[in-house]
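Right, one structure below, let's go through it.
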Amino acid sequence: MKHYSLTKFSIGIIAISLLWSCQQDTQWKGQEPIQRVSTLTKPIQLQLKKTFDLGDGIYCSNEFDGARLNGIVLSNDTLITALITPENTPINGSPWYAFKLWSKSEKNMYLKLTYLEGVSHRYYPKLSRDGINWDNLDSTNFFTDTTGIANGASPKSISMKLSLSEDTLWVAAQELITSQHIYKWEQELAKKPYISIHKIGESREGRPLNILKIGNSNDQKMILVLSRQHPPEVTGYLAMKAFVEKLSEDQSLNQKFREKYKTFVIPLLNPDGVDLGHWRHNAGGIDLNRDWETFNQPEIAAVKAFMENKVKGSGGKFYFGVDFHSTFHDIYYTINPELKGNMPGLVPELITEMGKEFPDYQPNIRPGGLDGPKISSTSFMFYTFGAEAVTFELGDNTPRPFIKQKGEVAAQKLMEIMVK
Ligand SMILES: [Zn+2]
């Protein structure tokens, strides 16, 4: 591929990509029914971590937590080609990427992201100059390769036009939020007198599995909040963060809520996957959200033990559980409404009340069936502990202010409903 063909056909390609995204809106119907799979540990492929000298004074690095880059070459004077591969297969098609680029002299380059056979591009590129503040790549600098793919399908590769200089440019699939960012956020939050941090276990590679305890009530009425089982699902994490910060505010309703309910939050359930730059799995090569029946992975076994000990120790109950994720759109996966847990009707009422705050917004609700394997977090919370549970999915591209608002409104409405 020559770079000038990109420029020449850019308008056409933008039009095609708009068409693609619209069609995707109508075609994508949510995830397939989940299948029972073995969650016994499998090997993962580690990345070669290094600074790549591409020649021509251009350098690239994946030497940081959360990075993913499996190969990169200078294809010609103006084109860099990168290869992104997963930690193992089979795997959900959510190719995460993150790396840094710089150049001794200022130059504009095209960067092409390629994947292995059968994998399509998913995440719209984000750029940063400091690894902390991120912006979407300008759409005039984004090009999808639609040759040879069916109408409406995702592109197999994409290209972006970048301005390189000595000033490091970070390129990533979503905002880079690794274990260090999250542990720091936990510590900030734990400065409040009614919030504390406890370690409930360790990941396979020995990273702490922290739980935030919010409120000083006895443990009779409990709530569990989970996030980042799936490493790239940053938008779910951002909604969880807004949700938890709202619950932690010093308003009278919030205080009443905290007196009545103890909220436990695990903001980072898969720290190894996040720091290793995984697409989906933990360091045991397993999708953690399929391990809630067999508990083969230490991260999930730790949560199970924590919940069991809490219920055994206090005689209390879990009333509500929420697990934050990301997908192509905002979706609520709920337990079948015919089934009654410890607070029947809570989740439907919560979604209805939230909807009143967003009059033009049609919530996408997908109730679970009555049969089917009980292998996900929300199934475990509901079928084992009676917690009214919901998987709260945020879109990959949902505007960040709206994600924050949704997280806050969810917390506000939950407190109003559960305190009354
Ligand atoms: Zn997920």
## Note on the structure
Semi-axes (Å, rounded, descending) of the ellipsoid equivalent to region 191-307 per its C-alpha gyration tensor are 27, 15, 11
### Query
What stretch of the chain, leaving out the sites themselves, is the longest with no chymotrypsin sites (Phe, Trp or Tyr not before Pro) in a DSSP loop having at most 15 other Cβ atoms within 10 Å?
29-360
## Note on the structure
Here, GluC sites (Glu not before Pro) of region 126-200 satisfying both criteria (DSSP loop; at most 11 other Cβ within 10 Å) are Glu166
### Query
Can you list the trypsin sites (Lys or Arg not before Pro) in region 103-185 that are in a DSSP coil and have 15 or fewer other beta carbons within 10 angstrom?
Lys104, Arg129
### Rounded to 5, the percent of DSSP beta bridges in the chain classed as antiparallel
60
### Task
Multiply the residue separation of Glu353 and Ser38 by 0.36 nm, subtract the distance between their alpha-carbon atoms, and state the gained length in nm to one decimal.
109.5 nm
### Summary
Rounded to whole angstrom, the alpha-carbon centroid of region 356-420 lies from that of region 222-266 at a distance of 12
### Query
In Å, what is the Rg of the alpha-carbon atoms in region 323-414, and how long is Dmax?
13.2, 37
### Message
On the principal axes of its Cα set, how long, how wide and how thick is region 179-419? Give whole Å, largest value first.
### Response
43, 38, 36
### Query
FRET efficiency for Thr294 and Glu338, Cβ-Cβ distance as r, R0 = 22 Å, nearest 0.05?
0.25
## Note on the structure
Taking max minus min of the Cα coordinates of region 45-91 on each principal axis, largest first, gives extents in Å of 36, 20, 13
### Query
Tell me, how many Å apart are the Cα centres for region 70-124 and for region 267-341?
31
## Note on the structure
Projected onto the charge dipole of the chain (unit charges on the beta-carbon of Lys, Arg, Asp and Glu, signs +1, +1, -1, -1), the Cα from Thr334, Ser314, Ile223 with the largest positive-side position is that of Ser314
### Message
For a 18 Å ceiling on Cα separation, which of these pairs sit above it: Lys246/Lys413; Lys317/Lys356; Lys49/Lys184; Lys199/Lys404; Lys213/Lys404?
### Response
Lys317/Lys356; Lys49/Lys184; Lys199/Lys404; Lys213/Lys404
#### Entry: Range of Cα positions in the chain per principal axis (Å), largest first
68, 43, 41
## Note on the structure
In region 303-402, the trypsin sites (Lys or Arg not before Pro) that sit in a DSSP loop and have at most 16 other Cβ atoms within 10 Å of their own Cβ are Lys340, Lys374
### Message
Give me the one-decimal Kirkwood hydrodynamic radius in Å for region 267-405, with the sum taken over alpha-carbon pairs.
### Response
16.3
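Laboratory data are not the source of any read-out in this text; all were calculated from the coordinates shown. Just so it is clear, the structure is predicted and the values come from calculations on it, not from any experiment. Glycine also receives a Cβ, built like all others from the backbone with ideal geometry; neighbour counts cover every protein chain displayed.
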